[in-house]
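Working notes, beginning with the structure itself.
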Amino acid sequence: MASARTRKWTDFLTCTQILNIMVILGFMFNYMLRVNLTIAVVAMIKKNDTNSTSTSESVQFDWTEAQKNDILGSFFWGYILTELPGGRLAEVVGARRVFGGGMLLASLLTVLTPAACYANYYVVLVLRAVLGFFLGATWPAILPMAAKWIPPTERSKFIANMMASSLGAALTMPLCGYLISAVGWPSVFYVTGSIGIVWGVAWFFLVFDSPAQHPRITIEEKLEIECKIAEGGGGKNRKPSSVPWLKILTSGPVWAIILAHACSVFGYFTVVNQLPSYMDHVLKFNIKKNGLLSSLPYLGKYAMAIIASYFADRLLRSGRLSVTVTRKAFTTFAILTPAFLMVIQAFCGEDAVVTVVVFTASLFFNGAVTAGYLSNGLDIAPNFSGTIFGMANTLSSFGGWLSTKIVAILTNEQQTFAQWRYVFWILVGTYAAGALVYLLLGSGELQRWNSVEEEAVNGGGKEMQPLKKDEKEVLA
């Protein structure tokens, strides 16, 4: 029976609301730990310009441009290794440990970053790779938690919390800029790392893997969550004792998610990473100097994620559209709209205003993926949603690396609009291919290999816990 103290705690916020807040903050700080170096590194390297008026008295380093890029890229060496294992590990030991532990360890490494820089260039490379290793496991870990906490008709909104990473990026840029000018670049890592540590401690105190494991949840909230999940098919969701790898790897709906995710993220990385270079070299307009314009794409993507997820969940609750139609509609909208915008860019991209509008709008509309393929793994296989997301994010990480190589090859010593046109047409084709594959192969139906027959498990492996006597009294 919930204690009086428990009821006072939940008078203001339910455990589900606390979970949502912690996940939003978690993804904000997740991206903060990831991008802080990209901002600080500018102040960390010695400038050859004798007229430099830098006010920072912090130690600077003689890193070459190649060494700087290696340090920035080393994050992905570790990041890509733990996407798939992280998703599967969360299914086995719980997302609380994987997500919270990964964030806490990455935060500790962030605080140690200045010391690593003072020690040796190679120490920084290793530290950033290990930091990427821990953060790589966090993203796919959150879907298994959603399967146990969030009813099917509310999952789009919960998955939209992941897009708080965009909000984190938008807030990190001005914060780091202020810290560098006021205190020096080491403060960037001390402050962001400390924020992550505080969040990590709070996470382990406030968040648990399922309502049944939460020590402070009220019986009413616990039963409401479990009953809604059971009504949505969760009651028959008996987890197999092993991963059906062959069935997963030969599943059309799984590949629809993976390929749509890869194409969408390829476009995202290209826009975010290459837009500043295009604006600077081709249009002679430094977008990084305009804080508002730098933040607009991130803020827009998060805003659309919230809006689209709200409408998707509302449609699912009303029963007007099936899960399959809902996911396909929002995925097509989120991926195909940027494709049309890139067509406009290919013809009118010599205008700076048009370029800013097109790139900002493309990221804004792309935020609707939270109501599309990003939530789809929970529809078709909640027991293996972490594994599916890990597979998708692994491929998309390669896409981020590939986009930089493609742009480098096409624009090598030819920073002209004519050369950049090829990049825009590649984006058109990539976006369109992702939307087409998802339209053909995507599905919102629960896959048979997600679960086993109840009698085959002899009552074991259930996600739902038997009702206790006092819980039955509440239902009565």
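Can you name the number of the only condition in (1) modelled with pLDDT of 90 or more; (2) under 26 Å from the mean Cα position of the chain (by Cα); (3) of a type outside the set (A, V, I, L, M) that P186 fails?
(2)
With the checklist (1) farther than 26 Å from I197 by Cβ; (2) touching a Lys or Arg at 6+ places or on another chain (Cβ under 6 Å) in hand, flag the one item S74 doesn't pass.
Against the list (1) farther than 26 Å from I197 by Cβ; (2) touching a Lys or Arg at 6+ places or on another chain (Cβ under 6 Å), S74 comes up short only on (1).
Being among the aromatic types (F, W, Y) and surrounded by fewer than 20 Cβ atoms within 10 Å (Cβ to Cβ) is the filter here, so list the residues in region 302-313 that pass it. Before you say what the answer is, go through the steps one by one.
First, the residues of region 302-313 that are among the aromatic types (F, W, Y): 302, 310-311.
Once the filter is applied, which keeps residues that are among the aromatic types (F, W, Y) and surrounded by fewer than 20 Cβ atoms within 10 Å (Cβ to Cβ), region 302-313 yields Y310, F311.
Quickly run through region 295-323 and pick out the residues that are out of contact with any Leu (no Cβ under 8 Å at 6 or more places or on another chain), more than 28 Å from I426 (Cα to Cα) and part of a helix (DSSP H, G or I).
Answer for region 295-323, where residues must be out of contact with any Leu (no Cβ under 8 Å at 6 or more places or on another chain), more than 28 Å from I426 (Cα to Cα) and part of a helix (DSSP H, G or I): I306, I307, S309, Y310, F311, A312, D313, R314, L316, R317, S318.
Do we find that F424 is in contact with a Pro (Cβ under 8 Å, 6 or more places away or on another chain), of a type in the set (A, V, I, L, M, F, W, C) and modelled with pLDDT of 90 or more in this structure?
Answer is no for this residue.
With the condition being surrounded by fewer than 18 Cβ atoms within 10 Å (Cβ to Cβ) and touching an Asp or Glu at 6+ places or on another chain (Cβ under 9 Å), I'd like the helices (runs of 4 or more DSSP H) fully within region 90-195 carrying at least 1 qualifying residues.
Details: elements: 95-111, 113-119, 121-136, 138-149, 155-159, 164-182.
Hits in region 90-195: 95-111, 121-136.
Kindly provide the set of residues from region 414-435 that are more than 25 Å from G372 (Cβ to Cβ) and not hydrophobic (A, V, I, L, M, F, W, C), ordered by number.
Matches in region 414-435: Q414, Q415, T416, Q419, R421, Y422.
Being surrounded by fewer than 22 Cβ atoms within 10 Å (Cβ to Cβ) and either at pLDDT 80 or above or not assigned by TED's automatic domain parsing to the domain that holds V358 (or both) is true for just one of L299, L293, L316. Which residue is that? If you could, list the steps in order and put the result at the bottom.
Details: L293 fails: either at pLDDT 80 or above or not assigned by TED's automatic domain parsing to the domain that holds V358 (or both); L316 fails: surrounded by fewer than 22 Cβ atoms within 10 Å (Cβ to Cβ).
One residue alone meets the criteria, L299.
So F205 clears everything in (1) under 30 Å from L89 (Cα atoms); (2) buried (at least 16 other Cβ atoms within 10 Å of the Cβ) except one condition, right? Which one?
(2)
Could you pull out the residue among F285, F359, F364 that is among the aromatic types (F, W, Y) and either assigned by TED's automatic domain parsing to the domain that holds M163 or at pLDDT 90 or above (or both)? Walk me through how you get there before you give the answer.
On the way: F285 fails: either assigned by TED's automatic domain parsing to the domain that holds M163 or at pLDDT 90 or above (or both); F359 fails: either assigned by TED's automatic domain parsing to the domain that holds M163 or at pLDDT 90 or above (or both).
Only one candidate passes the filter, namely F364.
Residues in region 432-440: is at least one closer than 15 Å to I335 by Cα and either of a type in the set (V, I, T) or surrounded by fewer than 15 Cβ atoms within 10 Å (Cβ to Cβ) (or both)?
Yes: region 432-440 contains one or more residues that are closer than 15 Å to I335 by Cα and either of a type in the set (V, I, T) or surrounded by fewer than 15 Cβ atoms within 10 Å (Cβ to Cβ) (or both).
The values are calculated or read from the model by the stated rules, or taken from the named source; none is laboratory data. Remember, predicted model here, so these are calculated numbers, not experimental data. Because the Cβ atoms are built from the backbone with ideal geometry, glycine has one as well, and the counts that use them run over all protein chains shown.
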